[in-house]
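The values are calculated or read from the model by the stated rules, or taken from the named source; none is laboratory data. None of these values were measured; they are calculated from a predicted model. For neighbour counting, all protein chains shown are included, and Cβ atoms are generated from backbone atoms with ideal geometry for every residue, glycine included.
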């Protein structure tokens, strides 16, 4: 049985690929392609998942819209006998500067509808990898911002943060969350 489950949030459909809101899902897909993970659609849990080669991590993403993610997370918990503390959710965060990574245990939803859904279906003691996407500056522009694609200049910062994430995956797979936090938050 895997030690942890890393879930990336994102909307279904190719038109959302590369958008700020899909950063979690896009990162899981990227890890899968680089690590030769076989991601498979599992209708029962409404998720696409794959097991790492060392069988320590179940990678995946819900097959629903971000604001309905809690249903899939709840099914993953029940189907795989995970406790909520073994779930790591990668999601976009408007309150962090572009490319900034913060690993957080528990907490509220901060206005993020995907987190709100997960909290209402499963609880709030899961681990979050918050990926900074910056803020458009005006609240009325938020929807277009999160559903918009990264600009060319922004992609370099996102790629850099993706590599920072890759450097803590082994720590995460061994449940060394605090060491992973220290590494991410001090570099």
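A few points about this structure:
- For the range 79-134, the set of residues classified as crowded, with 18+ Cβ neighbours inside 10 Å, touching a helix residue (DSSP H, G or I) at 6+ places or on another chain (Cβ under 8 Å) and under 20 Å from residue 1 (Cβ atoms) consists of 82, 87, 88, 89, 122, 126, 127, listed by residue number.
- Residues of the range 146-163 satisfying the condition of being touching a strand residue (DSSP E or B) at 6+ places or on another chain (Cβ under 6 Å) and either part of a helix (DSSP H, G or I) or free of Cβ contacts under 8 Å to residues at least 60 places away in the same chain (or both): 161
- Top-ranked residue in the range 164-187 [being without any contact (Cβ under 8 Å) to a residue 60 or more places away in the chain and assigned to a helix (DSSP H, G or I); ranked as surrounded by the fewest Cβ atoms within 10 Å (Cβ to Cβ)]: 186
- The criterion of at least 3 residues that are within 27 Å of residue 185 (Cα to Cα) and in contact with a strand residue (DSSP E or B) (Cβ under 6 Å, 6 or more places away or on another chain) is met, among strands (runs of 3 or more DSSP E) falling completely within the range 42-138, by 57-62, 87-93, 101-105, 127-132.
- Matching option when the condition is modelled with pLDDT of 95 or more and farther than 17 Å from residue 120 by Cα, among 65, 61: 61
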